[in-house]
Amino acid sequence: MDENSIGIVETKTYTFCGSPNELVLNSGEKLGPITLAYETYGKLNGDKSNAILVFHALTGDAHAAGWHEGAKKAGWWDSMIGPGKSFDTNQYFVICANVIGSCKGSSGPASTNPKTGKPYGLSFPVVTIEDMVVSQKHLVNHLGIDKLLCVAGGSMGGLLALKWSVLYPDSVACVIGVATNYRHTAQQIALHEVSRQAIMSDPDWQEGDYYGKSIPARGLALSRMIGHITYMSEKSMEERFGRKLIGKEKLGFDFTHDFEVESYLKYRGTSFVQRFDANSYLYLSKALDYCDLSEGGGLVNVFSKAKASFLIISFSSDWLYPPYQSKQLVKAIKANDLDVSNIEIESSYGHDSFLVEVDDQAKLIAPFLKRITKETNNV
Amino acid sequence: MSNTPLTFKIISDMVKDKSRVLDLGCGDGGLLSLLIETKGCRGTGIEIDEKAIYQCVEKGLTVSHGDIDSDLSDFSDKRFDYVILNESLQQVLHPRQVILEALRVGKQVIVGIPNFCQLSSRIQLFFGGRAPITQELPDQWYNTPNLRFLSIKDFRAFCEEHNIKILRETGVSKNKIVRFRPNLFAHEGLFLLEK
């Protein structure tokens with residue numbers, strides 16, 4: 001634990017939308033009661049004006065910063081959230097909640113359906129990015145916060161933040177979107193579909209009804225391997241693995257692992273199986289594929305509702321959510337006369353850059369939040 | 001050089017209080033900061049250099065990492081009171097288009113150019129037979145970021161051809177304003193334009 005860590009933290013839960021007040025989802029189906037797992041860091045100030053909601057990426061969770069008791073690893077954005085860090089917990093009250101559809105403490109396909117007493121499985125309704133945002137608004141209301149200083153996130157988290165800015169324009173002062181986009185392209189959908197097929201073609205998947213039985217481990221691992229390829233760049237893979245052989249001096253002339261990159265992907269896949277639910281991967285990837293902020297009238301029109309200031313960060317080698325999509329986003333925000341700063345950071349780490357390039361992001365996020373805080377206090 | 005207190009002051013004097021400003025090629029944001037602090041302006045910049053973006057954001061500025069040759073189309077007509085092109089015009093690919101675009105998105109445009117026909121440059125060209133190296137144009141032909149080499153007179157002619165009104169013109173040399181024959185004695189020309 002470094003000296004700037006927030007220290008030991010715990011995940012809390014909030015349950016709402018119980019019968020008969022279920023949440024009506026984008027699909028028209030109802031979901032309730034809904035549980036959200038969340039963590040908070042720092043202190044909410046007297047006028048409740050220093051709250052920041054951080055959204056996690058596809059397979060992330062509410063544990064963004066600090067350490068769980070006895071854990072070997074800190075939260076997923078611990079390098080960015082803590083005393084003196086980009087999201088300085090000496091100044092800001094930071095909230096992070098697990099999205100619905102996930103398996104990290106919030107309601108999802110692995111949760112127990114109160115009507116049947118069994119896990120939902122595929123009877124869990126398909127949720128969207130908007131549904132995730134709406135459910136987190138309930139949590140923010142529950143915490144007594146009318147207006148967030150900032151919503152922020154990388155990758156899927158960025159999409160959630162952008163969605164918040166157009167859904168609740170009066171409830172946020174600024175948005176930080178990192179390595180994000182505004183809609184999934186055919187290529188992105190195609191990559192997700194291959195990942196889903198990997199899971200659904202595993203005989204253990206059993207139409208999603210595998211809880212308490214053998215889990216579709218091979219399918220899920222394969223889908224994670226595909227994911228990992230898309231998170232890195234050709235350059236970062238070449239630098240890290242090259243053509244290095246694993247545990248052998250020369251090629252084996254068989255189909256065991258020859259190359260280090262093969263064994264790395266296998267390790268990533270296998271370790272993922274222990275921490276993530278296959279059905280959740282289906283639901284969350286679907287939510288991303290369904291997301292198109294520009295639907296219903298074009299992107300410029302969509303952001304006409306927004307009032308926040310924006311900071312949009314992209315990375316040169318990110319081919320999953322390429323910088324040109326961020327540029328289009330910035331163009332639409334600018335067309336609405338909104339305050340927007342953007343940068344394309346030169347980095348070779350691909351989509352993963354947003355978790356790696358911490359120093360560069362700190363140089364942007366800290367002063368950006370400082371300015372917005374100042375502007376908010378002057379109004 | 002372009003970012004002297006005098007140049008900044010001349011530009012700042014051209015700008016009315018509390019106006020909306022777009023600085024094209026804003027560098028580290030020095031000029032924008034000055035306009036915001038001393039004139040109460042609202043400002044934003046466009047800059048191509050990644051390192052300069054960090055400096056701008058650290059100063060609390062709004063800045064876009066982009067290319068002024070292509071990104072002006074993002075803005076609607078007369079969105080800004082002033083669009084500033086201080087020492088950046090000579091580095092763009094399509095200066096004519098950039099000036100006309102600047103005049104579209106801005107009510108007025110402020111342009112600062114290094115004067116390629118200042119006396120010392122002429123002497124170096126004429127007697128030395130070499131491309132001039134001066135304080136304002138310090139780079140060799142092979143490493144200069146400048147793509148265009150023009151004089152104050154060239155710029156006046158350009159404005160006339162394109163029906164652009166020059167509302168104010170100031171020649172500057174080494175922290176002094178040059179009133180007598182600026183095309184010969186000024187290292188730099190500053191213009192306030194309107195169309």
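The values are calculated or read from the model by the stated rules, or taken from the named source; none is laboratory data. The shown structure was predicted, so the numbers you read here are calculated from the model rather than taken from an experiment. Using ideal geometry, Cβ is built from the backbone for each residue, glycine included, and neighbour counts are taken over all protein chains shown. Heads up: the accessible areas ignore ligands, DNA and RNA and are worked out on the full protein's heavy atoms, side chains in. Shrake-Rupley method; radii C 1.70, N 1.55, O 1.52, S 1.80 Å.
For residue B:43, the residues whose modelled amide H falls within less than 5 Å of its own, excluding neighbours fewer than 5 places apart on the same chain, are B:21.
How big is the C-alpha Rg of the protein assembly as shown next to the rule-of-thumb value 2.2 N^0.38 Å, as a ratio?
In units of the 2.2 N^0.38 Å rule of thumb, it is 1.13.
The Cα-based radius of gyration and maximum Cα-Cα distance (Dmax) for segment B:60-169 are 15.7, 49 Å. For residue A:130, the accessible surface of its heavy atoms amounts to roughly 50 Å² (probe 1.4 Å, protein chains only, rounded to the nearest 10). In this structure the amide hydrogen of residue B:110, modeled in the peptide plane, comes within under 5 Å of the amide hydrogens of B:83, B:84, B:85, B:193, none closer than 5 places in sequence on its chain.
Taking a sphere under 10 Å around the Cβ of residue A:166 and counting the other residues whose Cβ falls inside, with K and R at +1 and D and E at -1, yields a net charge of +2.
Let's test the formula: R0 of 45 Å, r as the Cβ-Cβ distance of residue B:168 and residue A:305. What FRET efficiency results, to the nearest 0.05?
Details: r = 41 Å, r/R0 = 0.91.
So, using R0 = 45 Å, E works out to roughly 0.65.
Between residue B:13 and residue B:158, the simple label model (points 7 Å from Cα in the Cβ direction) yields a spacing of 2.4 nm. Remark: segment A:75-80, residue by residue, has Karplus-estimated 3J(HN,Hα) of x, 5, 10, 4, 5, 10 Hz, where x stands for each Gly or Pro and the curve is 6.51 cos²θ - 1.76 cosθ + 1.60 at θ = phi - 60°.
Which entries of A:30/A:213; A:12/A:104; A:147/B:18; A:331/B:195 have Cα-Cα distances beyond 22 Å here? Kindly include the intermediate steps, with their values, before the conclusion.
Details: A:30/A:213 28 Å; A:12/A:104 11 Å; A:147/B:18 28 Å; A:331/B:195 25 Å.
Check vs 22 Å cut-off fails for A:30/A:213; A:147/B:18; A:331/B:195.
Only protein heavy atoms count here; on that basis, with a 1.4 Å probe, residue A:237 has an accessible area of about 40 Å². Across segment B:33-40, computed HN-Hα scalar couplings (Karplus, 6.51 cos²θ - 1.76 cosθ + 1.60, θ = phi - 60°) run 4, 4, 5, 5, 6, 9, 10, x Hz from first to last residue, x flagging Gly and Pro.
Considering only B:141, B:178, B:157, the residue lying farthest towards the positive end of the dipole of segment B:138-188 is B:178, judged by Cα position with unit charges set on Cβ. Across the options A:259, A:237, A:279, the greatest Cα extent toward the positive end of the charge dipole of segment A:196-339 (unit charges at beta carbon of Lys, Arg, Asp, Glu) belongs to A:237. Given their separation in residues at 0.36 nm each and the Cα-Cα distance between them, residue A:113 and residue A:259 gain 48.1 nm when the chain is fully extended. According to the Cα-based calculation, Rg over Rh for segment B:17-77 is 0.96, with Rh computed by the Kirkwood formula.
Write out the GluC sites (Glu not before Pro) in segment A:223-288 meeting two conditions: DSSP loop, and at most 14 other Cβ atoms within 10 Å of their Cβ.
Values: sites: A:234, A:238, A:239, A:249, A:260, A:262; in loops: A:249.
Here the GluC sites (Glu not before Pro) that fit, given the DSSP loop and packing criteria, are A:249.
Along segment A:96-102 the Karplus relation, 6.51 cos²θ - 1.76 cosθ + 1.60 evaluated at θ = phi - 60°, assigns HN-Hα couplings of 9, 10, 6, 6, 5, x, 7 Hz to successive residues, with x for each Gly and Pro. Cross-link partners for residue A:115 among the aspartates and glutamates, with Cα-Cα distance under 17 Å and sequence neighbours closer than 8 places in the same chain left out: A:22, A:29, A:209. Among A:173, A:71, A:217, which one shows the biggest mean-square fluctuation in a GNM of chain A, springs joining Cα atoms closer than 10 Å? In this elastic network of chain A, the residue with the biggest mean-square fluctuation among A:173, A:71, A:217 is A:71.
Separation of segment B:1-74 and segment A:233-303, taken as the distance between their Cα centroids, equals 41 angstrom.
Considering only DSSP states other than H, G, I, E and B, which trypsin sites (Lys or Arg not before Pro) in segment A:195-275 qualify as loop sites with at most 15 other Cβ atoms within 10 Å?
Values: sites: A:196, A:213, A:218, A:224, A:235, A:240, A:243, A:244, A:248, A:250, A:266, A:268, A:275; in loops: A:213, A:243, A:244, A:248, A:250, A:275.
Answer by residue number: A:213, A:243, A:244, A:248, A:250, A:275.
Looking at segment A:216-287, the chymotrypsin sites (Phe, Trp or Tyr not before Pro) that sit in a DSSP loop and have at most 11 other Cβ atoms within 10 Å of their own Cβ are A:253, A:255.
Using the Cβ-Cβ distance between residue A:370 and residue B:39 with R0 set to 22 Å, the FRET efficiency works out to roughly 0.50. For residue B:174, the lysines whose Cα comes closer than 16 Å to its Cα, not counting residues fewer than 8 places off in the same chain, are B:9.
Residues in segment A:182-339 average 49 Å² of solvent-accessible surface per residue, probe 1.4 Å, ligands and nucleic acids excluded. Each Cα pair under 8 Å and six or more residues apart adds its sequence gap; the mean of these over the residue count of chain B is a relative contact order of 20 percent.
The local environment of residue B:74, defined by Cβ-Cβ distances under 14 Å, has a net charge of -2 under the rule Lys, Arg +1 and Asp, Glu -1. In summary, the lysines within cross-link reach of residue A:248, defined as a Cα separation below 26 angstrom excluding same-chain residues under 8 places away, comprise A:235, A:266. Buried accessible surface for the B/A pair, both sides summed and rounded to the nearest 100, is 1700 Å² with a 1.4 Å probe. Here the Gaussian network model covers chain A, with springs between Cα atoms less than 10 Å apart; of A:187, A:91, A:206, A:187 fluctuates the most.
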